[in-house]
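Asks: One structure follows; several queries about it will come next.
The values are calculated or read from the model by the stated rules, or taken from the named source; none is laboratory data. Computed from a prediction, not measured in an experiment: that's the story for all the values here. All Cβ positions, glycine included, derive from the backbone under ideal geometry; neighbour counts span all protein chains shown.
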Amino acid sequence: MLAWVLHRITGVAVLLFLFAHIVETSMLGLGPDAYNRTLELYRQPWFKPLEFLLVAAVLYHAGNGIMVMILDFWPAATRVYRRIFWIGAGAYVLVLLPVAYLMLGKVVGLR
Amino acid sequence: MSARWHPRAVRPAGGLPLVLWFYMRLSAVAMLGLVVGHLYIMHVVTSTDVIDFQFVAQRFRGPFWRAYDLLILVFALSHGLIGLRGILDDYVHHRGWRVAAEIALWIVGAAFAGLGALVLFTVQFPPGT
C-alpha cells in the first residue's frame, strides 16, 4: 500500500517537474540571455536538495515500476514478493548513496 | 498480490484500458534506459551548475540528442498524462466533472507536447555558440 502511494506521489511530482522543464527548455528559443537567466534557478543552493529529490523520485518510480511488471508478467513471483521487495529496496539505497555524494557533496562541503 | 498491491495493476479484460495498460509498461521499459541515461548525464555526472546555452548548443548541434530528447518527451509526457488520467478516474466521482477534467488534461498535455516538440525541431543556435 505504501509502495503504491509513493508510486503515485512520485509520478505526479515528476510530471509537474516535466511541465516546468519543458517551459524552461523552451527559453532556448528566446536566446542565450533568457535561457541562462532561467537556468539560474538550478544554481540556487536551495534547489540542489530538490534536484536530488527529483532523481530519487524518478529512480523510485522506475524501481517500483519494474517490481509491478515482474508481478504482472511473472505471477509466481508473488510467492517471493517479500524477498524481491527487500532486494529492490537494498539496490535502491546502494544506488542512491553515490548519487547523493555526487549531487550534494559540493553543497555540504564533502568534495 | 498485485491485485492487493494496486487495483489498477490488474490487467484489464480488453479494449482501450488494455491498450493503455500495455502502453504504460512499454513506455516504462523504453524510459528505463532513456531517462536513467538522461539523469546520469545531465544531473549526476554533469552538474547543472555548468549547463548553459553554450552547453545545449553543442549538444543540439547534431540530430542525435534532439531525437533522444524527443523520445523522452513523447514517452514521459504520454506516460505521465495517462497515469494522471488514472488518478482522476479514482478521485473524481461525478461523471461530468471527470469528463471535464479529462478534456482539460488532454488540452494541457497537447500544449506541453507542442511546445516541447517545437523547441526540439526548430531551435537554432547562432554561429559561434
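Asks: Looking only at segment A:1-38, how many residues end up being surrounded by 14 or more Cβ atoms within 10 Å (Cβ to Cβ) and over 30 Å from B:W106 (Cβ atoms)?
Replies: 2
Asks: Can you pull out every residue in segment B:91-125 that is of a type outside the set (A, V, I, L, M), assigned to a helix (DSSP H, G or I) and in contact (Cβ under 8 Å) with a residue 12 or more places away in the chain?
Replies: Within segment B:91-125, B:E102, B:W106, B:G109, B:F112, B:G116, B:F121 meet the criteria.
Asks: To continue, here is another question. Write out, first by first residue and then by second, each pair whose Cβ atoms fall under 6 Å of each other, whose residues are 6+ apart or on separate chains, and whose first residue, in segment B:45-62, is more than 9 Å from every other protein chain (Cβ to nearest Cβ) while the second is crowded, with 16+ Cβ neighbours inside 10 Å and aromatic (F, W, Y).
Replies: B:R59/B:W65
Asks: Looking only at segment A:43-50, decide whether some residue is within 24 Å of B:M24 (Cβ to Cβ) and surrounded by 12 or more Cβ atoms within 10 Å (Cβ to Cβ). Give the derivation first.
Replies: To start, the set of residues in segment A:43-50 that are within 24 Å of B:M24 (Cβ to Cβ) comprises none.
Checked segment A:43-50: no residue is within 24 Å of B:M24 (Cβ to Cβ) and surrounded by 12 or more Cβ atoms within 10 Å (Cβ to Cβ).
Asks: Given the conditions (1) assigned to a helix (DSSP H, G or I); (2) loosely packed, with under 12 Cβ neighbours inside 10 Å; (3) among the charged types (D, E, K, R), and given that B:R66 satisfies all but one, which numbered condition is not satisfied?
Replies: Of everything listed in (1) assigned to a helix (DSSP H, G or I); (2) loosely packed, with under 12 Cβ neighbours inside 10 Å; (3) among the charged types (D, E, K, R), B:R66 misses just condition (2).
Asks: Here is a further query. Provide a single number: the residues in segment A:6-49 that are in contact with a helix residue (DSSP H, G or I) (Cβ under 9 Å, 6 or more places away or on another chain), farther than 18 Å from B:A113 by Cα and of a type in the set (S, T, N, Q).
Replies: Adding up the residues that qualify gives 3.
Asks: Is it true that some residue in segment A:76-90 is at pLDDT 95 or above and exposed (fewer than 14 other Cβ atoms within 10 Å of the Cβ)? Before you say what the answer is, go through the steps one by one.
Replies: Initial filter on segment A:76-90 (at pLDDT 95 or above): A:90.
The next check asks that each one be exposed (fewer than 14 other Cβ atoms within 10 Å of the Cβ); those that pass are A:90.
Yes, some residue in segment A:76-90 is at pLDDT 95 or above and exposed (fewer than 14 other Cβ atoms within 10 Å of the Cβ).
Asks: Next question. Restrict the check to segment A:41-63 and report whether at least one residue is more than 12 Å from the chain's Cα centre (by Cα), closer than 25 Å to B:A111 by Cα and more than 7 Å from chain B (Cβ to nearest Cβ). If you could, list the steps in order and put the result at the bottom.
Replies: Taking segment A:41-63 first, the residues more than 12 Å from the chain's Cα centre (by Cα) are A:41-48.
Still in the list and also closer than 25 Å to B:A111 by Cα: A:41-42.
Filter once more, keeping what is more than 7 Å from chain B (Cβ to nearest Cβ): A:41.
Yes, that holds for at least one residue.
Asks: Looking at segment A:88-111 only, could you name the residues that are of a type in the set (A, V, I, L, M), outside any helix (DSSP H, G or I) and more than 11 Å from every other protein chain (Cβ to nearest Cβ)?
Replies: Hits for segment A:88-111 are A:V108, A:L110.
Asks: Now for a different question. Are any residues in segment A:14-62 within 20 Å of B:V123 (Cβ to Cβ) and basic (K, R), and if so, which ones?
Replies: Selection gives A:R37 alone.
Asks: May I ask you to verify whether B:I82 is without any contact (Cβ under 8 Å) to a residue 12 or more places away in the chain, part of a helix (DSSP H, G or I) and more than 10 Å from chain A (Cβ to nearest Cβ)?
Replies: no
Asks: Give the residues of segment B:45-54 that are surrounded by fewer than 16 Cβ atoms within 10 Å (Cβ to Cβ) and assigned to a helix (DSSP H, G or I), sorted by residue number.
Replies: Hits for segment B:45-54 are B:V45, B:Q54.
Asks: If you check B:A28 against the conditions, is it buried (at least 17 other Cβ atoms within 10 Å of the Cβ), within 12 Å of chain A (Cβ to nearest Cβ) and touching a Gly at 6+ places or on another chain (Cβ under 6 Å)?
Replies: Judged against the criteria, B:A28 is a match.
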